Amino acid sequence: MRRLLLIALIAALAAGCGKQTSKKPELQENTEAYFAAHGIVPEQVNELRIGGTLFRFPAGVGLNPYTSQETYRSVDGSAMTLSTKEGMEQGKYEKAATPIVKGQADRVAFYLDGDHFFRPGPDPFGTRGSGPGIRVQISYGYMEKPSEDVIAKQKSILRSQRDMQGLGLKEFIFADRKNPGDAHLFYLATGMKTPKGGSLVFHCEPRYDRKGYVDEPTHCATTYQALRGFSVTYGFDGGIWLSNWQQVHHAVTQFVDSVVAK
């Protein structure tokens, strides 16, 4: 009898473990199987719907799609009025697995090769380009506020600012309030706006040496919202491309506009 009870207990535990693992992501990101689940076929024209916009990418563009394979929902099916943390702590929310849908994604990333033609690269990870590339990501959910002063809302201490003559940029260097040894570099485009009419601002990480940070940009990135509602984030090596940001911006916007399905 005891042996039968032990077998039953082990079976019950095994079944419970099976239910738990079923809620975890089934496909590992950045793999061929993960890409294929999104409908990505190498060396062919690929279509992806992100939010409410359909994108059609030419053959040969290396695409790295992402879709969350889990979400949060209320246990009883009621409206979710609590924060995710509160709902989980109170036992009112639970995690649930969500499937990847072919031809759809939460976001997609790709690279423009780091030459002066900025051709889209075939490698979804940007490791086989002709130089330091431009990483571009298309997503949805970001809401740009055109009237918002991106510089003024910074909570760090403004340490210096200057006009970068000839580049169409204004540099702002902020010292971190909690750690003065850290810095935040912002470059405001003075003669260009986003499609929504907001400020185009590049946020850059400073270069560090043995003595601390140096007021020179390393990695830079910016985000803007297109008129159709989707958002575009692109990043690059600031030491190489910040001085040519207008060329980079033109290449990114031109390519993204070209892949929006009419």
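The values are calculated or read from the model by the stated rules, or taken from the named source; none is laboratory data. In this text the structure is predicted, and so the values were computed from the model without any measurement. Every residue, glycine among them, receives a Cβ derived from its backbone with ideal geometry; neighbour counts consider all protein chains shown.
Points worth noting:
- In summary, Met192 fulfils each of the numbered conditions (1) assigned to a strand (DSSP E or B); (2) under 28 Å from Asp106 (Cα atoms); (3) touching a residue at least 40 places away in the same chain (Cβ under 8 Å) with the single exception of condition (2).
- Filter result for Phe186 (assigned to a strand (DSSP E or B), surrounded by 16 or more Cβ atoms within 10 Å (Cβ to Cβ) and in the same structural domain as Leu54 (by TED's automatic domain parsing)): no
- Listed by position, the strands (runs of 3 or more DSSP E) contained in the range 130-178 that have at least 2 residues being without any contact (Cβ under 8 Å) to a residue 40 or more places away in the chain are 157-164, 169-175.
- Search result, residues across the range 206-224 that are touching a Pro at 6+ places or on another chain (Cβ under 8 Å) and either modelled with pLDDT under 95 or surrounded by fewer than 20 Cβ atoms within 10 Å (Cβ to Cβ) (or both): Pro206, Arg207, Tyr213, Val214, Asp215, Glu216, Pro217, Thr218
- Taking the criterion of being part of a helix (DSSP H, G or I) and free of Cβ contacts under 8 Å to residues at least 24 places away in the same chain, the residues of the range 207-252 that qualify are Asn244, His250.
- Unmet criterion (only one of (1) outside the structural domain of Ile240 (by TED's automatic domain parsing); (2) surrounded by fewer than 16 Cβ atoms within 10 Å (Cβ to Cβ); (3) in contact (Cβ under 8 Å) with a residue 24 or more places away in the chain; (4) assigned to a loop (DSSP other than H, G, I, E, B)) for Asp123: (1)
- Filter result for Phe110 (closer than 23 Å to Val259 by Cα, at pLDDT 85 or above and outside any loop (DSSP other than H, G, I, E, B)): yes
- Scanning the range 142-156 for residues that are more than 19 Å from Gly198 (Cβ to Cβ) and exposed (fewer than 12 other Cβ atoms within 10 Å of the Cβ) yields one hit, Lys155.
- Strands (runs of 3 or more DSSP E) contained entirely in the range 35-106, each with at least 2 residues that are out of contact with any Ser or Thr (no Cβ under 8 Å at 6 or more places or on another chain) and of a type outside the set (Val, Ile, Thr): 46-50, 53-57, 64-66, 70-74
- Residue pairs whose Cβ atoms lie under 7 Å apart, separated by 6 or more positions or on different chains, with the first residue in the range 29-54 and assigned by TED's automatic domain parsing to the domain that holds Ala105 and at pLDDT 95 or above and the second in a strand (DSSP E or B) and of a type in the set (Asp, Glu), are Leu54/Glu47.
- Scanning the range 43-60 for residues that are within 20 Å of Gly141 (Cβ to Cβ) and out of contact with any His (no Cβ under 9 Å at 6 or more places or on another chain) yields a total of 7.
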